1. How many residues does the range 19-70 contain that are in a loop (DSSP other than H, G, I, E, B), touching a Ser or Thr at 6+ places or on another chain (Cβ under 9 Å) and either surrounded by fewer than 16 Cβ atoms within 10 Å (Cβ to Cβ) or without any contact (Cβ under 8 Å) to a residue 12 or more places away in the chain (or both)?
2. Is it fair to say residue 148 is touching a helix residue (DSSP H, G or I) at 6+ places or on another chain (Cβ under 8 Å), of a type in the set (D, E, K, R) and closer than 18 Å to residue 93 by Cβ?
3. Go over the candidates 169, 157 one by one and state the one that is among the aromatic types (Phe, Trp, Tyr) and in a loop (DSSP other than H, G, I, E, B).
4. Any idea which residue in the range 99-118 is farthest from residue 43 (Cα to Cα), counting only those that are in contact with a strand residue (DSSP E or B) (Cβ under 7 Å, 6 or more places away or on another chain) and surrounded by fewer than 14 Cβ atoms within 10 Å (Cβ to Cβ)?
5. In this structure, is residue 146 under 21 Å from residue 82 (Cβ atoms), in contact with a strand residue (DSSP E or B) (Cβ under 9 Å, 6 or more places away or on another chain) and part of a loop (DSSP other than H, G, I, E, B)?
6. Where residues in the range 119-129 are within 30 Å of residue 147 (Cα to Cα) and over 14 Å from the mean Cα position of the chain (by Cα), which of them is surrounded by the fewest Cβ atoms within 10 Å (Cβ to Cβ)?
7. Working only within the range 131-142, note down all residues that are in contact with a Leu (Cβ under 9 Å, 6 or more places away or on another chain), modelled with pLDDT of 90 or more and outside any helix (DSSP H, G or I).
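The values are calculated or read from the model by the stated rules, or taken from the named source; none is laboratory data. Keep in mind that this is a model prediction, so the values were computed, not measured. For neighbour counting, all protein chains shown are included, and Cβ atoms are generated from backbone atoms with ideal geometry for every residue, glycine included.
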Amino acid sequence: MIKTLYRKDNHELGVPAPTRTPTYMNLTAGIASTTDNMDVVGADSSGEVECVVFKDNDQLFIGVGSDHTDREFEKYGIPASKQMCPKIMAPVIWDYKEVKDHIDQIFLRSWITRDGERMHYQEGTLGTNVSIEDLMSGIPINDGLPLDNYCMFCGTFPAISGLVYGERFDFEMEDPVLNRKISHGYSVRVLPQYL
């Protein structure tokens, strides 16, 4: 099970506002991937870097991923648009206990490549987002879905220069205290359609 969150600024893109923030969406686990390429059906899709929490019974881990979304379809249905694209994550995770005392200092960054030009796309620290503990404690519990094991995308930052669509998305999570990074990226191919 994957839980993903709605960004507050999505309404500026023509996306209907949610009834609550943060908003929790349940997605099928089959869209989680560590691939380095993806196929999409429309050109208006983009990634966004997010911290990802993995819960395995009593153990917690964090990693980094991209909540890639079809932005055009998002105007018509947020959960469906989230389900349309793989949720790509780096294949490395950290034990949450190792970062818990300095979690607010962890940086997330992303870059997008469009027409061969790589540009800085997003950057921020986890301290500027809703805390992981608050997000976990807010997960709805009466929907019949198990909460012993899940991964949750924990929200993102606005794009530095607004939404950009491109052929590649790269992202990283940096721990400046323990001097380490997790990096990953993927290419995006728009599948031709013959309607």
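1. 1
2. On the way: touching a helix residue (DSSP H, G or I) at 6+ places or on another chain (Cβ under 8 Å): no; of a type in the set (D, E, K, R): yes; closer than 18 Å to residue 93 by Cβ: yes.
No: the conditions fail for residue 148.
3. 157
4. 104
5. Considered against the rule, which asks whether it is under 21 Å from residue 82 (Cβ atoms), in contact with a strand residue (DSSP E or B) (Cβ under 9 Å, 6 or more places away or on another chain) and part of a loop (DSSP other than H, G, I, E, B), residue 146 comes out as no.
6. 128
7. 139
Yes/no per residue for (1) in contact with a helix residue (DSSP H, G or I) (Cβ under 8 Å, 6 or more places away or on another chain); (2) at pLDDT below 90; (3) over 16 Å from residue 87 (Cα atoms); (4) not small (Gly, Ala, Ser):
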residue	(1), (2), (3), (4)
3	no, yes, no, yes
13	yes, yes, yes, yes
19	no, yes, yes, yes
31	yes, no, no, yes
34	no, no, no, yes
39	no, no, no, yes
45	yes, no, no, no
